[in-house]
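Novice: Sharing a structure, written as structure tokens. Questions coming.
The values are calculated or read from the model by the stated rules, or taken from the named source; none is laboratory data. A quick note: this is a predicted structure, and the numbers were derived from the prediction, not measured. Positions of Cβ are generated from backbone atoms using ideal geometry, with glycine treated the same way; all protein chains shown enter the neighbour counts.
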Amino acid sequence: MEFSVHSADKRTLNNWLRSTTLPQGQVTRAKIILALDQGWTPTAVAEAQQVSAKSVHKWRNRYLEAGIDGLYDQSRSGRPTKITKKIVKRVLDLTTQYVPEEATQWSVELMAKHAQITTWQVRQIWKAADLKPHRLKTFKISNDPDFADKVIDIVGLYMNPPANSMVLCVDEKTQIQALDRTQPGLPLSEGKVGSRTHDYKRHGTTCLYAAFSVLTGRVIGKMTNRTRSKEFLSFMKKVDRSTPKDKDLHVILDNHSAHKTAEVKAWLQNKPRIHFHFTPTSSSWLNAVEGWFAQLERRSLYRGVFSSVPELNEEIKRYIGVHNRETAKPFKWTKDAKSILAAVERAKDALPN
């Protein structure tokens with residue numbers, strides 16, 4: 001599993017390194033976590049910090065379980081500190097109903113100060129209640145009036161596709177930058193992660209249209225300079241040519257205005273085998289091609305160095321070819337429409353009035 005540290009946690013850990021009052025053990029833990037984030041192996045970190053590999057794994061696991069709070073010393077053995085129901089209620093009320101003046105979220109130290117208890121007690125109460133104030137997730141609830149009908153339609157295509165048909169998830173990935181580094185990077189070596197300069201040179205952008213097959217996981221792609229209706233229609237004609245003529249095409253796509261122009265509608269009238277299914281507004285998570293875009297970014301583009309747009313385009317073409325030959329696999333949607341709609345309703349009910 002890839003190990004990464006949240007940007008806010010990195011700032012805290014770097015502050016630990018500059019502290020002159022923290023215990024040395026706590027500073028060492030910060031060095032361990034930051035080194036793991038940079039890609040060091042546990043063995044290399046253990047050697048650099050002169051600790052055992054077991055200790056490295058211990059603090060790695062503690063961070064994964066509890067974030068920064070997991071890097072503090074836990075209570076020593078002996079008579080356990082008593083945590084009364086009154087203390088628990090006070091901590092839970094403060095955590096869920098109030099924001100501290102000193103910060104935008106509670107930390108163990110702040111809660112211990114305000115609740116007038118020990119940091120160990122705070123950790124135990126938060127752990128029992130599965131509260132993690134240091135973490136924050138993003139969300140967006142669609143206001144599409146046809147949200148339910150569209151979810152049922154699209155999930156139905158994923159879980160029970162029509163006979164003699166193909167389900168394709170289509171979208172465009174815009175403004176892919178051809179980035180070149182200002183200096184050559186340093187290679188990976190034993191005990192040392194690879195590195196590159198933080199600054200870069202821009203050499204233009206490209207756009208990628210992709211059609212992801214739910215049945216096979218294979219991708220049809222086309223690079224363009226822009227994402228107007230003209231480019232979208234050109235891509236759909238390529239999709240039409242690249243798929244068996246005896247199969248219906250059910251195309252899942254978003255509500256981009258370029259997908260609904262008069263030219264596109266006129267072309268569709270002459271293509272009765274092609275059916276468009278639009279996702280609800282603000283619901284890109286329903287389109288399976290988004291997962292493939294993330295894979296492309298992670299495996300091909302993030303570490304890529306490109307001195308021109310044509311070079312970037314060739315790399316994207318190469319990756320699509322390798323994906324289709326080596327890693328493509330059927331897409332499986334596991335949550336039915338009823339569960340999704342129920343979860344959305346719970347989220348709406350939880351929103352403040």
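Novice: Tell me yes or no: at least one residue of segment 218-231 is under 24 Å from the mean Cα position of the chain (by Cα), surrounded by fewer than 13 Cβ atoms within 10 Å (Cβ to Cβ) and at pLDDT 90 or above.
Specialist: No, segment 218-231 has no match at all.
Novice: Now, a different point. Among the numbered conditions (1) of a type in the set (D, E, K, R); (2) in contact with a strand residue (DSSP E or B) (Cβ under 7 Å, 6 or more places away or on another chain); (3) not in a loop (DSSP other than H, G, I, E, B), tell me where ARG241 comes up short.
Specialist: Evaluating ARG241 over (1) of a type in the set (D, E, K, R); (2) in contact with a strand residue (DSSP E or B) (Cβ under 7 Å, 6 or more places away or on another chain); (3) not in a loop (DSSP other than H, G, I, E, B) leaves (2) as the failure.
Novice: I'd like the residue in segment 33-67 that is of a type in the set (Val, Ile, Thr) and within 14 Å of LYS192 (Cα to Cα) and, out of all such residues, is surrounded by the fewest Cβ atoms within 10 Å (Cβ to Cβ).
Specialist: Only one residue fits best here, namely THR43.
Novice: State which residue is farthest from ASP180 (Cα to Cα) when the search covers only segment 284-312 and only residues that are over 15 Å from the mean Cα position of the chain (by Cα) and of a type in the set (Gly, Ala, Ser).
Specialist: The qualifying residue farthest from ASP180 (Cα to Cα) is SER300.
Novice: Filter segment 117-159 down to the residues that are farther than 26 Å from THR84 by Cα, touching a residue at least 40 places away in the same chain (Cβ under 8 Å) and not in a helix (DSSP H, G or I), then identify the one that is farthest from the chain's Cα centre (by Cα).
Specialist: ASP146
Novice: Taking interchain pairs and intrachain pairs at least six residues apart, which have beta carbon atoms under 6 angstrom, with the first residue in segment 328-353 and at negative phi and the second in a helix (DSSP H, G or I) and not β-branched (Val, Ile, Thr)?
Specialist: TRP333/TYR158; TRP333/MET159; LEU341/ALA148
Novice: Still on this structure, I have one more. Which one of these is in a helix (DSSP H, G or I) and not assigned by TED's automatic domain parsing to the domain that holds PRO161: GLU326, GLU315, GLU345?
Specialist: Sole residue among the options that is in a helix (DSSP H, G or I) and not assigned by TED's automatic domain parsing to the domain that holds PRO161: GLU345.
Novice: What are the residues in segment 268-284 that are of a type in the set (A, V, I, L, M, F, W, C) and under 15 Å from LEU157 (Cβ atoms), if any?
Specialist: ILE274, PHE276, PHE278
Novice: Of all residues being assigned to a helix (DSSP H, G or I) and farther than 20 Å from ARG135 by Cα in segment 1-28, which is farthest from the chain's Cα centre (by Cα)? Just the residue, please.
Specialist: Per the stated criteria, the residue is GLN24.
Novice: Shifting gears a bit: Only one of these conditions is not met by PHE306: (1) closer than 30 Å to SER339 by Cβ; (2) crowded, with 17+ Cβ neighbours inside 10 Å; (3) in contact (Cβ under 8 Å) with a residue 40 or more places away in the chain. Which number is it?
Specialist: (1)
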